[in-house]
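Have a look at the structure below before the remarks.
What follows draws every value from the coordinates through simple rules; no lab data is involved. Computed from a predicted structure; not experimentally measured. Every residue, glycine among them, receives a Cβ derived from its backbone with ideal geometry; neighbour counts consider all protein chains shown.
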Amino acid sequence: MSIINAYNLSKSYRIHEKQEGVKNTIKDFFNRKYTYKDAVINLNMTIEKGEIIGLLGENGAGKTTTLKMLSGILYPTYGKVIVLNYTPTQRKKEFLKKIAFVMGNKSEINWDLPAVDTFRYQKLVYQVPNELYNKNINLLAEMLNVKHLLNIQLRRLSLGERMKMELINSFLYSPEIVFLDEPTIGLDLNSQIAIRKFLRQYREERKTTIIITSHYMDDIEETCDRVILLSKGRKIFDGSISEVSRLYSTNKVLQLVFDKAVNPLEFAKYGEIIEFKDNTLKLIIRKEQYKSIVTELIGQNRNITDISITNVPFKNIVNQIMAEGRIS
Amino acid sequence: MQKYLYSFKLYLLTSFQYRFDTVLGLVMSNISIFITIVFWLLVYRSNGTGVVNGYKIADMVTFFVVSSLFRTFILIGSGFEISGMIKNGELSKVIIKPYSINMFLFWKYLSNAFYEFSKQFLFMLLVIPFFARYLTWDLTVHSAILLVICLAIGTVISHLIWMLLGMMAFWLEQAQAVMWSFAVILNFLSGMFIPLDFFPRWSVKALEMMPFAAFSYIPAKLYMNQLPFIKGANLLLVYLIWVFVLMILNMIVWRAGIKKYSAIGG
């Protein structure tokens, strides 16, 4: 059952442009120049209940604008959005109680008080029954391992701990859809891993629909069922992660393990060397050539003890697609 | 309603988080009223007659002391917060909450007003014994009732006016200069610098009916028992009409403005 439907969704912003310097500042004060930037262009998408969707794209690709239109923060310039059978911009209370929006760069929790005070407030705002509130707080705090931090003033916590509190704050009323805008921005690796694990586990238990934007491809690869790639406001791909590799990767990674030291440059003719350490060489080779290369290497006496072929990592493929702006 | 009351409590708690700041604020927030009192004492001393425009020295000091206390309920913060939220995109966080942003800010700044009022009131209690002879004590029960109602309406009016001014940021982006300019005008028209009955007689009636008079001038006059009950009650009705008009204006401006909101920043 699809719970988010966007039809020809477009959003353009009016942007004030000004040249540098005093003279131009004075000139600009009297004669403003505005341009229009299309942040999202004719976006169509459907999201099913319980899916975790990754919105990917370069800076300014329209990811956050899309989330803001889906949640009702922004009015689309053109097009239509229906979320949970509501028009988001009408901001009906029943709709707002079913969604949550976590902004990685904006805190919702009172900085000067322990997080638990804000949670109590959130409980009243979303009219969460006592029993469910206590159950959710315990469950979420345990899953994110922050139970011991609930009574500490928020400003005393680390960035990662604060983000975990933001997640608790947004999940404690059991929303049906959660929009996560860069939830792991600036976090250390351990916090990133903990948050990814939490998202996966939470979705399994509650079947919550999660839409996530992130520049960390690991966030997407480890949590999402499906990705939507945006480039310059347009959708360029919509499908599963494995499909991204299948459709867009023209290469494979060839790994060779040697029983003694070799000169890696002798293998440069097969492809691009990406790593060489502990007598193990990794090369990116053309997909259509890998059989002939492997046959050739086996036929030669190259002191190879092991050969393996793997797909190019997801993040490399996405970066390549973004760089080339390829359209499906 | 429960959520607004809790937010009231929450922001009150926040105010007490920093002990040194709270204690220092207790003293410092009263400095301006002392400067005003000293100013008027000097005026009366140089005047020599002991009466200025019908105000005896005790009337004048009382007017400014109680006005200063009542002015803590002018919710100027609502306007500056909504304006800042619109400008830097922070509005995005609250716009998708299942509550009224207007009510949210009202209770937040009412909480702040109670905190400021308590600080000033406590300090006044401590120092009153030293200048009790400069104060009048004519408050009656009837006036007290009108005073409390007037203060409550004045608080709501101040919030609605400042919200309207703050929402100009939907169109101007940076509305601070306009807001500060309005602040000076509103302060003047509410009797912050001189009592409104110092103005020409023909204008006093009109000024009293303006919503700004409800902030501190009329409550101060009620405290000093210088306003007949019927006149006070009639003015309260006028202020209630202002509340209604300002609520409608707030609704219209919000609906038009929110479509302009660009939710700037990530």
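For the reader, a short list of remarks on this structure follows.
- Among beta bridges identified by DSSP and lying wholly in chain A, the antiparallel ones come to about 70 percent.
- The simple spin-label model puts a point 7 Å past each Cα toward its Cβ; for B:Val23 and A:Gln19 those points are separated by 5.9 nm.
- Scaled against the 2.2 N^0.38 Å expected of a compact globular protein of N residues, the Cα radius of gyration of the stretch A:68-225 reads 1.02.
- Largest first, the extents of the alpha carbon coordinates of the stretch B:2-258 on the three principal axes equal 60, 46, 35 Å.
- Fewest-first sequence of A:Ser2, B:Ser29 by Cβ atoms within 10 Å of each Cβ: A:Ser2, B:Ser29
- The lysines within cross-link reach of A:Lys269, meaning a Cα-to-Cα straight distance under 18 Å and a gap of 8 or more places when in the same chain, are A:Lys252, A:Lys282, A:Lys287, A:Lys291.
- Taking A:Ile273, A:Ile298, A:Ile195 in turn, the Gaussian network model of chain A (Cα-Cα springs below 10 Å) assigns the largest fluctuation to A:Ile298.
- Convex hull volume of the C-alpha atoms in chain A, normalised per residue: 208 Å³.
- Relative exposure of A:Thr87, A:Thr64, judged by other C-beta atoms within 10 Å (fewest first): A:Thr87, A:Thr64
- Whichever lysines have a C-alpha closer than 21 Å to that of B:Lys205, once near sequence neighbours (fewer than 8 apart) are set aside: B:Lys221, B:Lys231
- For the stretch A:250-311, the orientation-averaged shadow of the C-alpha convex hull comes to 3.8 nm² (one quarter of the hull surface).
- Choice from B:Gly166, B:Gly232, B:Gly89 with maximal GNM fluctuation in chain B (Cα, 10 Å cutoff): B:Gly89
- Kirkwood Rh in Å, taken over the stretch B:26-86 so that all alpha-carbon pairs contribute: 13.6 Å
- Sequence-distant residues sharing a close amide H with A:Glu58 (under 5 Å, placed H): A:Lys232
- Cβ-derived FRET efficiency at R0 41 Å, B:Val43 paired with B:Asn234, nearest 0.05: 0.80
- For the stretch B:119-266: rounded, prolate or oblate by the Cα gyration tensor [a/c cutoff 1.5]: prolate
- Sequence-distant lysines (8 or more away, or on other chains) whose Cα lies within less than 24 Å of A:Lys235: A:Lys11, A:Lys37, A:Lys49, A:Lys63, A:Lys68, A:Lys80, A:Lys315
- Choice from A:Thr295, A:Thr66, A:Thr118 with maximal GNM fluctuation in chain A (Cα, 10 Å cutoff): A:Thr295
- Net charge over other residues, Cβ less than 9 angstrom from the Cβ of A:Ala61 (K, R count +1; D, E count -1): +2
- Net charge of the neighbourhood of A:Ala39, taken over other residues with C-beta under 10 Å away and scored Lys/Arg +1, Asp/Glu -1, is +4.
- Projecting the Cα atoms of B:Gly191, B:Val23, B:Tyr239 onto the charge dipole of chain B (Cβ charges, centred on the Cα centre) puts B:Tyr239 farthest toward the positive pole.
- Taking Cα atoms only, the orientation of helix B:176-189 departs from the longest principal axis of chain B by about 30 degrees.
- The shape of the stretch B:1-121 comes out prolate: with a ≥ b ≥ c from the C-alpha gyration tensor, a/c is at least 1.5 and a/b beats b/c.
- Across peptide B:92-102, the mean count of Cβ atoms from other chains lying within 10 Å of each residue's own Cβ comes to 6.
- Shape category assigned to the protein assembly as shown from the gyration tensor of Cα positions, a/c cut at 1.5: prolate
- Neighbour counts of C-beta atoms inside 10 Å place A:His16, B:His142 in the sequence A:His16, B:His142, starting with the fewest.
- Looking at the protein assembly as shown, the DSSP beta bridges with both ends there are about 70 percent antiparallel.
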